Amino acid sequence: MNRIFSGVQPTGNLHLGNYLGAIRNWVRLQTEYDCLFCIVDMHAITVWQDPKELVRNTREVAAGMIASGVDASKHIIFNQSTVPAHAQLSWIFNCVARMGWLNRMTQFKEKAGKHKENASVGLYAYPNLMSADILAYKATHVPVGEDQKQHLELARDTAQKFNIDYGVEFFPLPEPLIFGAATRVMSLRDGTKKMSKSDESDYSRINMADDADAIALKIRKAKTDPHPMPDGVEALEGRPEASNLLGIYAALADQDKAAVMSRFAGRQFSEFKQELVDLAVSVLGPINGEMQRLMADPAYLDGILRSGAERADAIARPIIAEVYDIVGFLRP
Ligand code: TYM
């Protein structure tokens, strides 16, 4: 059976990259797969989180998923810490994955920066928890943005090493699903940097919670270059901001980038930006409205998460019991 698992960190500022790179694709895949969509609060605390904010952000991500069209009655939305399997399996994977594999993870290097000695142990072991998330449900497919590809390769290596070490064919090797015109949305302030929740400048990203005025302002202020709109793929060379804005337009309009480029070739950025504002507001406006409505009803959101946790736990519990038997953990 094909099963999807994917996750988002509740670290605030759910943004357009999360939507176009991941959540929108989830909505499209939910007709073909059984899905688990997880708010990964245990991943979030690998860097400091204010406890009250973490609670609020957890509900906000749930609201964002539902407002984007995830069907919580057919699929499972839950927060990671409610299901013990994640912590249980991640410890076993800490003992399967090798230091050398984790040392190669570019996300750790980026996040730990120059102060590696000061980073939490959790930040280093983060990819093992991610492998556990996926494999505790024997998920076969994982829709993510481009930046998670390396972590998924590690999840595949870990599943394979577990199977070989214990002489079993137990875990599937999960396949990444990375598709759409915006698998890597870049910052609006610097087209060479990924759009990210943690960028200091709020002008670098469009948040899913932004209203129409904020979206318009951010797009108008987005960095461009002095040339007119490019007129072919080669003309994008060395123009990361133009490339990024065209990619965002194409993804929001559900067209390919080449078609969008030929439509705007030679025109001024100001004209293009006005059309991008209209498009972004027409797609994100209704989602934003629905998010606000849901956020005003935390009891409803908590009910969805509670039911999701029960259903997720029912899938993972027997899988973890089998893993314990395979590993030789006595269950007296
Ligand atoms: P997170 O919370 O950073 O991002 C959530 C999803 O959004 C995608 N994404 C982007 N896509 C395109 N352009 C961007 N600028 C951009 N920024 C983020 C991410 O690729 C991701 O799909 N480690 C994961 C969460 C996680 C997970 C998992 C994912 C934990 N366990 C298991 C899949 C399966 C993360 O930090 O995502």
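The values are calculated or read from the model by the stated rules, or taken from the named source; none is laboratory data. These numbers come from a predicted model, not from an experiment. Methodologically, a virtual Cβ is constructed for each residue, glycine included, from the backbone with ideal geometry; neighbour enumeration extends over all protein chains shown. Quick note on the areas: whole protein, heavy atoms, side chains included, nothing else; ligands and nucleic acids left out. Shrake-Rupley method; radii C 1.70, N 1.55, O 1.52, S 1.80 Å.
Scanning the range 122-135 for residues that are open to solvent by less than 10 Å² (accessible area, probe 1.4 Å), closer than 19 Å to ILE45 by Cβ and within 10 Å of the ligand (Cβ to nearest atom) turns up PRO127, SER131, ALA132, ASP133. Only a single criterion out of (1) at pLDDT 95 or above; (2) away from the ligand (no atom under 13 Å from the Cβ) is not satisfied by GLY113, namely (1). From the list LYS223, LYS273, the lone residue that is of a type in the set (D, E, K, R) and part of a helix (DSSP H, G or I) is LYS273.
For the range 73-81, indicate whether the set of residues that are farther than 14 Å from ILE304 by Cα and touching a residue at least 40 places away in the same chain (Cβ under 8 Å) is non-empty.
Pass one, the range 73-81, residues farther than 14 Å from ILE304 by Cα: 81.
With touching a residue at least 40 places away in the same chain (Cβ under 8 Å) added as a condition, the list becomes 81.
Scanning the range 73-81, I find at least one residue that is farther than 14 Å from ILE304 by Cα and touching a residue at least 40 places away in the same chain (Cβ under 8 Å), so the answer is yes.
For (1) modelled with pLDDT under 95; (2) within 11 Å of the ligand (Cβ to nearest atom); (3) farther than 15 Å from ILE304 by Cβ; (4) outside the structural domain of ALA159 (by TED's automatic domain parsing), each residue gets a yes or a no:
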residue	(1), (2), (3), (4)
GLY12	yes, yes, yes, no
ILE39	no, yes, no, no
HIS43	no, yes, yes, no
PRO51	no, no, yes, no
LEU54	no, no, yes, no
THR58	no, no, no, no
ARG98	no, no, yes, no
ARG104	no, no, yes, no
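Taking the listed residues ILE66, ILE4, ILE77, ILE92, the one that is of a type in the set (Val, Ile, Thr), open to solvent by less than 20 Å² (accessible area, probe 1.4 Å) and within 16 Å of MET208 (Cβ to Cβ) is ILE77, with no other qualifying. Looking at the range 159-196 only, could you name the residues that are among the hydroxyl-bearing types (Ser, Thr, Tyr) and either under 28 Å from ALA253 (Cβ atoms) or within 16 Å of the ligand (Cβ to nearest atom) (or both)? THR183, SER187, THR192, SER196 - these are the residues of the range 159-196 that are among the hydroxyl-bearing types (Ser, Thr, Tyr) and either under 28 Å from ALA253 (Cβ atoms) or within 16 Å of the ligand (Cβ to nearest atom) (or both). Here LYS138 does not fit the description of being at pLDDT 95 or above, surrounded by fewer than 20 Cβ atoms within 10 Å (Cβ to Cβ) and within 16 Å of the chain's Cα centre (by Cα).
Restricting LYS149, LYS161, LYS138 to residues that are in a loop (DSSP other than H, G, I, E, B) and either over 24 Å from LYS193 (Cβ atoms) or in the same structural domain as VAL47 (by TED's automatic domain parsing) (or both) narrows the list to LYS138.
Restricting the range 14-37 to residues that are free of Cβ contacts under 8 Å to residues at least 60 places away in the same chain and polar (S, T, N, Q), the residue that is nearest to the ligand (Cβ to nearest atom) is GLN30.
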